[in-house]
1. Looking at the stretch A:96-127, which of its residues are buried (at least 19 other Cβ atoms within 10 Å of the Cβ), more than 14 Å from the chain's Cα centre (by Cα) and not in a loop (DSSP other than H, G, I, E, B)?
2. Being within 13 Å of residue A:161 (Cβ to Cβ), within 14 Å of chain B (Cβ to nearest Cβ) and of a type outside the set (Lys, Arg): is that true of residue A:243 here?
3. Would you tally the residues in the stretch A:158-190 being of a type outside the set (Phe, Trp, Tyr), part of a helix (DSSP H, G or I) and touching a residue at least 24 places away in the same chain (Cβ under 8 Å)?
4. Those residues that are buried (at least 16 other Cβ atoms within 10 Å of the Cβ) and hydroxyl-bearing (Ser, Thr, Tyr), I need them from the stretch B:59-108; list them, please.
5. For residue B:60, are the conditions met, namely being under 27 Å from residue A:408 (Cα atoms), within 12 Å of another protein chain (Cβ to nearest Cβ), in a loop (DSSP other than H, G, I, E, B) and under 12 Å from the mean Cα position of the chain (by Cα)?
6. Under the condition of being within 7 Å of another protein chain (Cβ to nearest Cβ) and of a type outside the set (A, V, I, L, M), which residue from the stretch B:177-187 is nearest to residue A:52 (Cα to Cα)?
7. Please work out which one of (1) touching a His at 6+ places or on another chain (Cβ under 6 Å); (2) free of Cβ contacts under 8 Å to residues at least 24 places away in the same chain is the condition residue A:334 fails and give its number.
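The values are calculated or read from the model by the stated rules, or taken from the named source; none is laboratory data. Predicted model only: the values in this text are computed from it and were never measured. Because the Cβ atoms are built from the backbone with ideal geometry, glycine has one as well, and the counts that use them run over all protein chains shown.
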Amino acid sequence: MGRTETYDAIVVGSGISGSWAAKELTERGLRTLVLEAGGPVGPADYVMTTYPWNLRHRGRRDRARQSKERYVQRHCYACDAWSEKFFIRDDENPYTTARGTDFKWIRARQVGGRSLLWARHVYRWSDLDFEANARDGHGVDWPIRYADIAPWYSHVERFIGVTGQAEGLAHLPDAEFLPPMPLNCVESGFREGLTDAYGGDRLLTIGRCAVLTVPHNGRAACHYCGTCERGCTTHSYFSAQAATLPAAAATGRMTLRPWSVVHSVIYNPATGRADGVRVIDADTHDALEFRARVVFLCASALESTRILLNSRTNRWPDGLANSSGELGRNLMDHTMGGGADGTIGGYDDKWEYGRRPHGIYLPRFRNVKDQHPDFLRGYAYQGGASRSGWERGNAMAGFGAAYKHALRRPGPWEFHLYGFGECLPSPSNYVELDPETVDKWGIPVVRVHCQWGENERRALEDMTVQAAEMLEAIGATDIVPFTEDNPPGLTIHEMGTARMGRDPGSSVLNGWNQSWDVPNLFVTDGACMTSSANQNPSITYMALTARAANHAVDLIDRGEL
Amino acid sequence: MDRRTLLRVLGGATVSIAGLPPQELTALVKATGRRVPQAPFFTDVQREAVRAVADLIIPATDTPGAVEAGVVQYIEMIVAEWMTSEERERFMRGLAHLDEHTQALAAVRFAHAEVSLQVAILEGLEAEGRALGGASTEFPEMYGEEEDAVSMPFFHSIRALVLHGYYTSEIGMKEELLFREIPGRYDGCVDVSEVTRPAPESE
């Protein structure tokens, strides 16, 4: 082992969760080491102003290379000719799946993690979600309720900037909104038609997104170029690089160390605490140790759990802080891809100017007031109305001048509804260390056991049927219902495997994201989730992280940690 | 041995890969570790045929057409570098067939036929291709497996290449479609006429 450096806090991971931990801990006065497995990424790497004509193959992916280097990542829509460099190399970062199952693990090892690439949708949870496990008996009860996290949602939203429309829904609480982006004319018509058809039970609203519609905290408003995942040089959407890491750096108390692959947590049996972490330098492969008073794991759900599973001790031969036996269990992701498309008439002379970086949201309406006979929990839709462009020339007859001029005008308005559904926590969906496979740095990889259950499938089918019915109700024609067969993981909302709970016998973390077994160890990324709700989860990771970090500093200040 | 060295060995920097016999091409690909040959790839005759087809599909009108937008070079590069060998062979067979078919009808290559005959030939190929389901597939199989070679009828394949090449060019995007890199605002309800170029008066 090489030299050892000591800090007040260590944060493992620099993405959505880790950068929030770094910001809060440093702003509260802690000298904080942020360890990032990947390399630095910044505005110089962004490809926002790279247009198709600047690329050799005009944005066509190199299929042969991707099939060797990014054979999992390429299944993500954003892993294209522009942005593939922001995704991991699958050949260096393998994982395995149980025989006969599929799990697509989409990852980014870089400063900022996946915050550069995320779809930016942010929706608060409510007690409909925090009480769900207690209500129907799946999983264990959340140790917190909406009132515990609400101020932290506000804290996070005020900093990152969230555009959206206040609607006053009890089960989808409003955020601290910046002005909303407008619905387009067809979406406005849909909103009215839906209210006419379903009374107040179903609502279409503009998406709630971590994108700025006005200048905010020194960052510029969105310029509507439409391709956020290429990186935004005006910092108009929330990424760690744009917002939280600069704030942490401004305190002068953050040390950010890229190329630092965390191998395991160093447990001290004499004190019962974590002394720090073991790191393998990604470049030199040197083994290093770093020590701190408190350790935050924010490496992403499966990476944080992998680190704990790999931190075996005499007391916990199956992974650190695993007295409950729940470490690795209850892996969840959202289902996606029940939905329908339909053609909308009546707005032929209207189109959009600018490329809005998000679409509509149609919040959950199932199992809100009464119980559906076929499935538990709920789902929500994203989507919107758009008109096709030149691509439809592939399906049109003809060629020549008239064909060319016809393609100047857009195709018919089409409305797309695409559902995302809640996944029940189940102990049979879990990860473990694969005894036979290691990554480029010799660290055992995870083997994933994950399959959709009957409840997820039934809800997915209902998404399809309801999408088609709603399109019919508002007068769409040529309705095409679909039910995609997406494997778990691909929604990139993987969560669970180190759940929070009320009882040390059945959960890994307490209500403050703190390990029951190792009091100075916190896990605040998606691993901590006790249930999945159906909302995009990142804002909840941010709020839980900020809450946990401030609690940790409170404990330190009170001499209790 | 890197590719440049190999090219020198083979006879100088200007050696045309397209002119190599197949077994040497295979050896070249193997030796250099490259999956595919690179442009220039077409013979002059092949390039002439592609140019004629591109010009018929997206001609110059009140805006530049496919040829001015560099679509011929684009197609050559995609065929040479991006396509799988199966896709490439299929495309090249279709291109060869275009000239053979025209020779049989009018004793000239496609590029030198009367425009009315060129149009009639393309219309015939389009009808054939449509019967084979060609109009239902979008060419860029962006999410495909490497082994998922795209097998489209020739007309629909080359038309898809012309469309992609034209509408991803700077001319196609900015002059033809009025693409603005940085729109600066979003308006969800503007008149189509404000954001599209009108068809010329004559139509």
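1. Listed by number, the residues that qualify are A:97, A:110.
2. no
3. 5
4. Scanning the stretch B:59-108 gives B:61, B:63, B:74, B:84, B:102.
5. Working: under 27 Å from residue A:408 (Cα atoms): yes; within 12 Å of another protein chain (Cβ to nearest Cβ): yes; in a loop (DSSP other than H, G, I, E, B): yes; under 12 Å from the mean Cα position of the chain (by Cα): no.
Judged against the criteria, residue B:60 is not a match.
6. B:181
7. (2)
Each row is one residue, and each column tells you yes or no for (1) within 25 Å of residue A:556 (Cα to Cα); (2) surrounded by fewer than 19 Cβ atoms within 10 Å (Cβ to Cβ).
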{"site": "A:9", "(1), (2)": "yes, no"}
{"site": "A:18", "(1), (2)": "yes, no"}
{"site": "A:35", "(1), (2)": "yes, no"}
{"site": "A:41", "(1), (2)": "no, no"}
{"site": "A:54", "(1), (2)": "no, yes"}
{"site": "A:66", "(1), (2)": "no, no"}
{"site": "A:75", "(1), (2)": "no, yes"}
{"site": "A:78", "(1), (2)": "no, no"}
{"site": "A:86", "(1), (2)": "no, no"}
